[in-house]
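First comes the structure, then the notes that go with it.
The values are calculated or read from the model by the stated rules, or taken from the named source; none is laboratory data. Only a predicted model underlies this, so the values are computations on that prediction, with no experimental measurement involved. A quick note on method: Cβ atoms are made from the backbone with ideal geometry, for glycine too, and the neighbour counts reach across all protein chains shown. When the accessible area is computed, the model is the full protein with side chains, heavy atoms only, and any ligands, DNA or RNA have been set aside. Shrake-Rupley method; radii C 1.70, N 1.55, O 1.52, S 1.80 Å.
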Amino acid sequence: MNNSISRRNLIHSGALLGAACMASGTRPLFAQTSAATAKPSPIRLGIASYTFRNFSRAEMIGYLKQIKVDSLNVKNVKDHLPTDPVEEAKALADYAAAGIKLHAAGTIYFAKDEDADVRSQFEYCKRAGISVIVAGDPTPQTLPRIEKFVKEYDIRIAIHNHGPEDKLWPSPLDVLKSLKGTDERIGCCIDVGHTVRAGADVVQAIREVGPRLFNMHVKDLTDFQNKESQVAVGDGIMPMRKIFEALIAIGYRGFVDLEYEVHADDPMPGVTSSLAYMRGVQAGMGYQHHA
């Protein structure tokens, strides 16, 4: 083997092989021989339904089956999970029939600092059996009201950071500052892309947020200063292995949800490559990824 081939390129080559096998339903020989010795991975991969925002629920379910992912972070986009109780029930029946589990919802926006509006969001998630609300815009002033419903419903809130454009929550560290003294069920959803664009060290941020980390949105960039440089995971410079190592170090038990925001009309090549790469990283760490 040429010594000039980088370790990253080697992993990426394996990921592409994994992608091909995943698409064809076959398994590479190295996976068969290492499965007996690999430990189950503590990293659980899921998908943010926003990835499939241009596709119907039925189409998305078909795609999830193709990529062998049964864990969904669902958003009220298209017909993925409507807020109307009757339509929501139909969506939940479809997911249950397909064996797809909903572990989070979001991002959800709290447009009004009013009990009725906040309660409606919690009721929406309670009906779906969802335990984590990924919140996009709560202000420090509205957190006490939201906290009241967190305690009543026992549903966690994960405040999502949105990078330098977000005046309230650019990075997870900004979220963390506002969590002092709040219920332990109020925490963070770290979006790794927005975190690095805000100038924060994403690995250090994971370690600092620690037990207040409830959800992860994963993407990759070729330039940490350029929002438009998003690519499939593994094609950029996001330190995925170090991210996984940090998550394991803090005992993270949530999901790592791929949020692939580019090529909205044809996301599957990038989604397949991203998942294969992340599964390949886990394999390189000695883990067997969750099916």
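General observations
- If only the Cβ of Lys and Arg carry +1 and only the Cβ of Asp and Glu carry -1, the dipole of segment 110-213 around its Cα centre is close to 200 debye.
- Farthest towards the positive end of the charge dipole of segment 54-165, among the residues Met60, Ala98, Cys125, is the Cα of Ala98, using unit charges on the Cβ of Lys, Arg, Asp and Glu.
- Residue-span extension gain [Asp70 to Ala38] - 0.36 nm each, minus C-alpha spacing: 9.4 nm
- Between Thr51, Thr83, Thr272, the GNM of the chain built on Cα springs shorter than 10 angstrom shows Thr83 fluctuating the most.
- Element breakdown for segment 112-237 at a 1.4 angstrom probe: carbon and sulfur atoms account for 46% of the accessible area.
- The value for segment 145-240 of Rg(Cα) / (2.2 N^0.38 Å) is 1.12.
- Part-to-part distance (alpha-carbon centres) for segment 187-234 and segment 70-134, which is given in Å: 24
- Largest first, the residues Arg185, Arg44 sort by 1.4 Å accessible area into Arg44, Arg185.
- Probing with 1.4 Å while keeping every protein chain in the model, the per residue accessible area of the chain equals 45 Å².
- Listed by chain and number, the aspartates and glutamates whose alpha-carbon sits under 13 Å from that of Lys242, ignoring those within fewer than 8 places in the same chain, are Asp201.
- ³J(HN,Hα) computed for each position of segment 89-103 - Karplus, 6.51 cos²θ - 1.76 cosθ + 1.60, integer Hz, glycine/proline x: 4, 4, 5, 4, 5, 5, 5, 4, 5, 8, x, 9, 9, 9, 9
- Whichever lysines have a C-alpha closer than 22 Å to that of Lys75, once near sequence neighbours (fewer than 8 apart) are set aside: Lys65, Lys90, Lys101, Lys112, Lys126, Lys219, Lys227
- For the chain, DSSP calls about 5 percent of its internal beta bridges antiparallel.
- Computed on the chain, with alpha-carbon pairs under 8 angstrom and 6+ residues apart, the relative contact order is 22 percent.
- Counting only Cβ charges, +1 for Lys and Arg and -1 for Asp and Glu, the dipole size of the chain around its Cα centre is about 1020 debye.
- Interatomic Cα distance distribution for the chain, bins of 5 angstrom, percent: 1, 5, 12, 16, 18, 17, 14, 9, 4, 2, 1, 0, 0
- Per residue of the chain, the DSSP helices (runs of n ≥ 4 H) give a summed -39500 (n - 2.57) that works out to -12500 deg cm²/dmol at 222 nm.
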